[in-house]
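**Student:** Have a look at this one before I ask anything.
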Amino acid sequence: DLYVEDGWLRARGTTLGGDDGCAVAAMLYALDSDTLRHPELECLFTTGEETGLYGATGFDYSVVRSKKLINLDSEAEGVATVSCAGGIGLDFSFVPDRIPVPAFCRPLSVEISGLSGGHSGEDIIREKGNAIILLMRTLSALYEEHPFSVVTLSGGGRGNAIPREASAVIFTDEPESAEIFIKNYAKTLREWLPACDSGMKVRVGKAKGRYEKTLTLADTSRIFSLTSFVPNGVISRIPEKLTMVETSDNLGILSDDGEKILLVYHGRSSLDSRMDVLALTAKRAAKVLGFDLDINGRYSGWPMKADSELAGEFVSAAKKVLGEGAVPRTAAIHAGLECGIICGAVPGLDAISIGPELKDIHSPGERLDLGSFARMWEIVRIMLETKEG
């Protein structure tokens, strides 16, 4: 059930799907119009984009003849996306040795919570605190002062999200000293955090429950070494746009099912060569430290093309349509778009991604500015007719 309110198209009780819907409408109109002047068009309709880029990944690009691509899957008026990140999953695991808990040791619970979290692509540039990394830094520093063994670890829930919470139970023969150390180290953690993470809490105290097994000191140390060797957060920025991230890595999941320890990283880069380096770093770390490594879900990035003709054509057309005072611009996003897959499969393709103004996408509150959709189409029309001429 669709309805219009104050110039915005909405849906009742469900997500609107406005970005994809606008793209389909625009392409069908272009194909059906008898009056639109344009060069030869190839229109690609894909499925499964939100759930895993399946349609774009499975398409046979040998049939494509075009050398320019206008993707219509963006959500900001007057902005052309000209670069996006590819992705790679790096899953480290190992089966640790578990030994009986020493009679002279006591269990401590350590918890980090209250962080803001976020998307590992869009929010990584904000240098938000990663609860798992902060926990590992804390315990690693403690281990250097007072060696201990880990009983269990947990944190995060999705590889592509910056975790808000993480916790551990450890056994130590110096519980009072360890507790004081951790409380003091929390001050160091706060020095690293942005204002949005000022609500971080570090809790430490006697662990509840009964524990019979714990990891060896050697296996405890292996986990700290891995999280020290494998990068987390922003790794590099786009040279032409230093406010935009080029390469990053995010430790999103830390789990212990009683048998296997699992650490799930999700790397991103607009350059495939940077992802190659990230994969090689992971392989080296896994080999040296004795972890199994599963590299999965890799898809190509879309590097910025400094001499893009299409980007210039967009800016020129957008100035005509949006009027005096408008400042059309190009941007890069540190998340996956189908453009990355398509550009990787069609050598030399010049591409941009544009769209109308949409708010609260992928939620029941999603809404489309109908006026901006009309303006988006006018920009596309000018670009097509310019190419036809």
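The values are calculated or read from the model by the stated rules, or taken from the named source; none is laboratory data. Remember, it's a predicted structure, so these values are computed and weren't measured experimentally. Because the Cβ atoms are built from the backbone with ideal geometry, glycine has one as well, and the counts that use them run over all protein chains shown.
**Student:** Filter the stretch 281-295 down to the residues that are outside any strand (DSSP E or B) and either among the aromatic types (F, W, Y) or more than 17 Å from F229 (Cβ to Cβ) (or both) and list them by number.
**Tutor:** F291
**Student:** Considering I112, I180, I170, I133, which residue is without any contact (Cβ under 8 Å) to a residue 24 or more places away in the chain and of a type in the set (A, V, I, L, M, F, W, C)?
**Tutor:** On the way: I112 fails: without any contact (Cβ under 8 Å) to a residue 24 or more places away in the chain; I170 fails: without any contact (Cβ under 8 Å) to a residue 24 or more places away in the chain; I133 fails: without any contact (Cβ under 8 Å) to a residue 24 or more places away in the chain.
Answer to the selection: I180.
**Student:** Looking only at strands (runs of 3 or more DSSP E) that fall completely inside the stretch 81-144, which ones have 3 or more residues that are in contact with a Leu (Cβ under 6 Å, 6 or more places away or on another chain), on the phi > 0 side of the Ramachandran plot and surrounded by fewer than 18 Cβ atoms within 10 Å (Cβ to Cβ)?
**Tutor:** Numbers: elements: 86-94, 98-100, 106-113.
Of the strands (runs of 3 or more DSSP E) lying wholly inside the stretch 81-144, none has at least 3 residues that are in contact with a Leu (Cβ under 6 Å, 6 or more places away or on another chain), on the phi > 0 side of the Ramachandran plot and surrounded by fewer than 18 Cβ atoms within 10 Å (Cβ to Cβ).
Condition check ((1) out of contact with any Asp or Glu (no Cβ under 7 Å at 6 or more places or on another chain); (2) over 30 Å from K287 (Cβ atoms)) across all residues:
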residue: F181; (1), (2): no, yes
residue: K187; (1), (2): yes, yes
residue: C196; (1), (2): yes, yes
residue: V202; (1), (2): yes, yes
residue: K213; (1), (2): yes, no
residue: R222; (1), (2): yes, no
residue: S228; (1), (2): yes, no
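**Student:** Inside the stretch 195-244, can you point out the residues that are of a type in the set (F, W, Y) and over 23 Å from the mean Cα position of the chain (by Cα)?
**Tutor:** Here is the first cut: in the stretch 195-244, the residues of a type in the set (F, W, Y) are 211, 224, 229.
Result: Y211, F224.
**Student:** Kindly indicate the residue of the stretch 204-243 that is surrounded by fewer than 19 Cβ atoms within 10 Å (Cβ to Cβ) and aliphatic (A, V, I, L, M) and also nearest to H119 (Cα to Cα) among those meeting that condition.
**Tutor:** Across the stretch 204-243, the extreme among qualifying residues is V234.
**Student:** Report, by residue number, each residue of the stretch 259-275 that is more than 20 Å from R164 (Cβ to Cβ), in contact (Cβ under 8 Å) with a residue 60 or more places away in the chain and not aliphatic (A, V, I, L, M).
**Tutor:** Hits for the stretch 259-275 are E259, K260, G267, S269, S270, D272.
**Student:** Let me ask another. Taking only the stretch 305-327 into account, find how many residues are closer than 12 Å to A80 by Cα and β-branched (V, I, T).
**Tutor:** Residues meeting the conditions: 2.
**Student:** Report yes if T247 is farther than 24 Å from S154 by Cα, within 18 Å of the chain's Cα centre (by Cα) and surrounded by fewer than 16 Cβ atoms within 10 Å (Cβ to Cβ), otherwise no.
**Tutor:** no
**Student:** Further, regarding this structure: What pairs come up if the first residue lies in the stretch 356-369 and is touching a residue at least 24 places away in the same chain (Cβ under 8 Å) and closer than 9 Å to R10 by Cα, the second is surrounded by 13 or more Cβ atoms within 10 Å (Cβ to Cβ) and of a type in the set (F, W, Y), and their beta carbons are under 6 Å apart, counting only those six or more places apart or on different chains?
**Tutor:** Taking only residues 6 or more apart or on different chains, the pairs are R367/W8.
**Student:** Please find, within the stretch 364-389, the residue that is farthest from the chain's Cα centre (by Cα) out of those that are assigned to a loop (DSSP other than H, G, I, E, B) and surrounded by fewer than 17 Cβ atoms within 10 Å (Cβ to Cβ).
**Tutor:** The extreme case among them is G389.
**Student:** Next question, about the same structure. E50 passes all but one of (1) in a helix (DSSP H, G or I); (2) assigned by TED's automatic domain parsing to the domain that holds S225; which number fails?
**Tutor:** With (1) in a helix (DSSP H, G or I); (2) assigned by TED's automatic domain parsing to the domain that holds S225 applied to E50, the lone miss is (2).
**Student:** Hey, which of the strands (runs of 3 or more DSSP E) in the stretch 169-280, taking only ones fully inside, have at least 1 residues that are closer than 30 Å to R329 by Cβ and not aromatic (F, W, Y)?
**Tutor:** Of the strands (runs of 3 or more DSSP E) lying wholly inside the stretch 169-280, those with at least 1 residues that are closer than 30 Å to R329 by Cβ and not aromatic (F, W, Y) span 233-238, 241-256, 261-269.
**Student:** Of the residues in the stretch 124-153, how many are among the hydroxyl-bearing types (S, T, Y) and over 16 Å from V202 (Cβ atoms)?
**Tutor:** 3
**Student:** Still on this structure, I have one more. Among the numbered conditions (1) closer than 19 Å to C22 by Cβ; (2) touching a Cys at 6+ places or on another chain (Cβ under 9 Å); (3) of a type in the set (A, V, I, L, M); (4) assigned to a loop (DSSP other than H, G, I, E, B), tell me where I361 comes up short.
**Tutor:** For I361, the exception is condition (2).
**Student:** Hey, among the residues in the stretch 296-331 that are out of contact with any Cys (no Cβ under 7 Å at 6 or more places or on another chain) and part of a strand (DSSP E or B), which one's surrounded by the fewest Cβ atoms within 10 Å (Cβ to Cβ)? Steps first, answer last, please.
**Tutor:** Within the stretch 296-331, the subset out of contact with any Cys (no Cβ under 7 Å at 6 or more places or on another chain) is 296-300, 303-331.
Checking the rest, the ones that are also part of a strand (DSSP E or B) come to 296-299, 329-331.
On the way: N296: 11, G297: 15, R298: 15, Y299: 20, R329: 14, T330: 17, A331: 17.
My answer is N296.
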